[in-house]
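Notes for the one structure printed next.
The values are calculated or read from the model by the stated rules, or taken from the named source; none is laboratory data. All values reported here derive from a predicted model rather than from experimental measurement. Quick reminder, even Gly has a Cβ in these numbers, built from the backbone with ideal geometry, and neighbours come from all protein chains shown. The accessibility values were calculated without ligands, DNA or RNA, using every heavy atom of the protein model including side chains. Shrake-Rupley method; radii C 1.70, N 1.55, O 1.52, S 1.80 Å.
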Amino acid sequence: MRRRSQLAIMLVSVALLMSFSVVVASNTNELPNQNPTQSNNLQSSFINESEGETFTVTVDGTNLRFSPDTIIIKEGDTVRFLWENQLLPHNAVERNGVFDSGDPERNVDYTYTFNVTENGTYEYVCEPHEDLGMIGTIIVEPKPVPEPEPEEQDDEEDDASAMSVGSGEISGFLFAPWFIGVIVLVGFISTRSDQFQLGLILEEEIDAVLLDDNGGEEGKTLVESYSARVFTLCALYVAQGIPWGFITVTFVTYLAAEGFAAKDLAMLLTLGTLPWSVKFLWGPVIDRYQYRPMGRRRPWILIAQTGMILLLTLMVFFIDVEKDVTTIAYMFLVYNIFTSLQDVSTDALAVDILKPQELEKVNGYMFTAKTLGGMIGGAGLGTIISYTGIRGALIVQIPILLAIMMVPLYMRERPGEKLFPWSEDSHLAFEESVSINQNFKEIIGKVKTAFSLKSTQLGILLSLFVSLSHFLIPLLPLLFLRELDWSQERFNATKGGLVLIITMFGYLAGGYLGKKFGGKSVIIYSTTIGALVTAFWGLTESWWGSEFYLVFIWSLAEFMMAIVSISIYSLMMRITWSEVGGTQFTGYMAMMNLSAIIGYQIAAPLSARFDYPTLFLIAAVFETLIIATALFIDPDETRRELEDGTADQQAPESITVKPTV
C-alpha cells in the first residue's frame, strides 16, 4: 500500500507540473510559428510555364524508400517517377488507382499530371515492397487564384497553403476539463486501490513444490521453474522473429539480385505473408487437438519447429533456388504456416504456464527477444549472405532452429509428462479424463462462456481502444519533414534508432513496474502520464524548433506507451481462460490489430480538418479511454469464476501423479 501511495504522489506531482506548463504553453502558442514549412527542398527537374512544375521522385534502393517519400504540389503540377539500374524492381501505384506506373521494373520513367479539381492527399506504394514500408505521399493543393492583395497578404496565404494538415484549431483550454477530470478520477481511485484492484500482485513468488516417491523436490518443469519459463518463452520468441526478417528482407533482396522477375517476387511475398494474416484460425485447432501426455502446447510447438527445419532442408538440398521460384514461393507458404503455428502455440503456452505475478515482467522479456530474432533474420543473415550466398544463409538457419528446438524438446510443461511419445510410463499413470480432447462444439461453447464475463468483454473494448491514437503515426513524417524541415535520413535515424531502443526499454520497464506495483496500476498511471505527455507535446508548438526537445518528448511518449502496451498484453493473458487460451487470446490480438487499422483510417479525415496541436490533443483524449476501460476489469474474475470451478486447472493441472506397481 505504501508503494502505491508513493506512486500516486509522484503522479499528482507530474500532473501539477503538466497543468502549469499547459497554461504557459497555451499562451506561447499564440505566437507565430517559428518553423514555417520549407518547400524548397523538393526535387524539381524543370518548370513548365504553361502546365506547372514537374517534381521528380526516385528510389532509395538501400533502404527501400521513395525519395522524397512526401511531396507537396499544386493542381496542374506533374510528378515524374524516375529510376535507372536499380538492384530491385519497383513501381508506383496509387492505392485508389489514380495512377499506376505498371509492373515493377528496374528502369522506370513515368509521369502523371494532377489536373484542376484533383486536389487532395494521395498515397502510393511499391507493390513488391509495401510491407517493408515503401510508401509515398503526394499532397496536391488547390491551384492558387491570383488576387490583387498587398505583398504581406500574399505571404500569409503562402503560409496557409503550405500546411499539410487542416487549419481547424481547438483551444487547449477546451480540453482542460477532460484532462482535469482524468487526473481527479485517477487520484480518486488511488485512494481506493484495493476496491479497483490496482495492486493485484503476489508480494512473494510462491511456486508449488512437488515431491517424488523418495521425498525429494521436483522443480524442473515449466509450471515449477521461473527460470525455465523465461528461458523457454524467450527462445521461442527469438525463433519467431528470425524467419520473418529473413524472408521479407534478406531472401527477397537476394532473389531480385539474381534476376527474378518482379511478379515472382510479389508472389513470394504474398504467399509468405498470407499465413500470418489468418493465424487466428490456429486457435481453435490447438485447443481442440492435444496430446496431453506430452503437454497441452508443447507437441504443437515441436510439430511447428520440425516443419520449419524440414522445409529449410528441402530448399537447401532439393530445390534450385536460382530457377524454380514457383516451388520456392509455395515452400515458403508452407514454411510460414508452421511459423505462424509456433507463434499461436507459444502465446497459448504463455497463457497456460505464466503465473499472475510474472505476466508483466516476462512479456517484456518476450517482446525484446522477438525484436532480437528479427534483427538476426534481417540484418544478421543479410550480412552473412554476402559471404556465403543464399544456400549458406539457409544452412545457417538450420542449426539455429535446431538449437532453439532443443529447449522445448527437453523441457516438460508439467510434472509427469513424457518427453517423447515412445517414452515408457514406468512410474506414472495418467487420469483417463485428461486424454479426452475437446471437440469444436465444446470449444465454441467454452469461448462463449469465457466471453460471458464482464472483464473479458471489457477486454475486447480495451483491445479496440489501445491503438486509436496511432492515427498520429502517418502524420509524424509530414510534421517533421514539412513543418520542421527535417531530412528523411534524420527522421528515419531517430525513429528507427533512438526511439526504437527507448521503446524496447519501455517493454522491460513495464514488466518490472507491473511486478512491483501491479499490472492495472501501471496501465492506469502510465496511460495518464503518457496522455499528458502527448497533450503537452501538442500545446508546446512554439518549442518544436528545438531538436533536443522534440527528440525528448517523442521518446518519452513512446516510452510511456510501450509500458502501457506490455501491461495490457499481460492483462489480456491474465483474463484469458486456459481451457481455450489459444482461441481467446488470439481474439484479443486480432482486436488490437483492428484498433490500429481504425486509427490509420481516421488519420485522413482528422488531419484534413485540424492543425497539428489539436491532433495531438485528440490523440491524448483517445489514450485516456484506456483508463476508463481497464479500470473496471477484474484480473481475477476468469480464474475465480471459471478455473477455480473446474478440476484443478492450475499446475500440475490435468495430470495426476500415481505410483504404479
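Odds and ends about this structure:
- Extension reserve of the Ser227-Ser167 stretch, reckoned as 0.36 nm per residue once the Cα distance is removed: 16.1 nm
- Rounded to the nearest 0.05, the FRET efficiency derived from the C-beta distance between Val499 and Phe548 at R0 = 25 Å is 0.95.
- Our coupling estimate for the range 176-188, obtained by passing each phi through the Karplus curve with A = 6.51, B = -1.76, C = 1.60 and θ = phi - 60°, is 4, x, 5, 6, 5, x, 5, 5, 5, 4, 5, x, 5 Hz, Gly and Pro reported as x.
- Separation of alpha-carbon centers, the range 507-549 and the range 565-642, rounded to whole Å: 16 Å
- Near Ser345: Cβ cut-off under 12 Å, other residues only, Lys/Arg at +1 and Asp/Glu at -1. The net charge is -1.
- Here the Karplus curve 6.51 cos²θ - 1.76 cosθ + 1.60, taken at θ = phi - 60°, turns the phi angles of the range 110-118 into couplings of 9, 10, 9, 9, 8, 7, 4, 6, 9 Hz, with x standing for Gly and Pro.
- Projected label points at Thr383 and Leu174, each 7 Å from Cα along the beta carbon direction, are separated by 5.3 nanometres.
- Within the range 102-124: backbone nitrogen closer than 20 Å to the Asn85 label point (7 Å, Cα to C-beta): 105-110
- Once the Cα-Cα distance is subtracted from the 0.36 nm per residue extended length, the Ile602 to Val116 segment shows a gain of 172.4 nm.
- Sites Thr306 and Asp194, calculated FRET efficiency, Cβ-Cβ separation with R0 51 Å, nearest 0.05: 0.60
- Of the listed residues Ser167, Ser487, Ser567, the order by accessible area with a 1.4 Å probe, largest first, is Ser167, Ser487, Ser567.
- The peptide list 173-183, 412-422, 463-473, put in order of mean Cβ contacts within 10 Å with the highest first, becomes 463-473, 412-422, 173-183.
- Cut-off 17 Å, label 7 Å out along Cα→Cβ of Asn107, residues of the range 61-98 by amide N: 81-91
- Residues Met591, Met366, ordered by accessible area of protein heavy atoms at a 1.4 angstrom probe radius and largest first, appear as Met591, Met366.
- Protection proxy ranking, peptides 328-341, 553-566, average beta carbon neighbours within 10 Å, highest first: 553-566, 328-341
- Long pairs among Lys355/Lys448; Lys370/Lys446; Lys220/Lys361, criterion Cα-Cα beyond 28 Å: Lys370/Lys446
- Peptides 529-539, 398-408 ranked from most to least packed by the mean count of surrounding Cβ atoms within 10 Å: 529-539, 398-408.
- Separation of the Ala403 and Glu123 label points, Cα + 7 Å toward Cβ, nm: 4.0 nm
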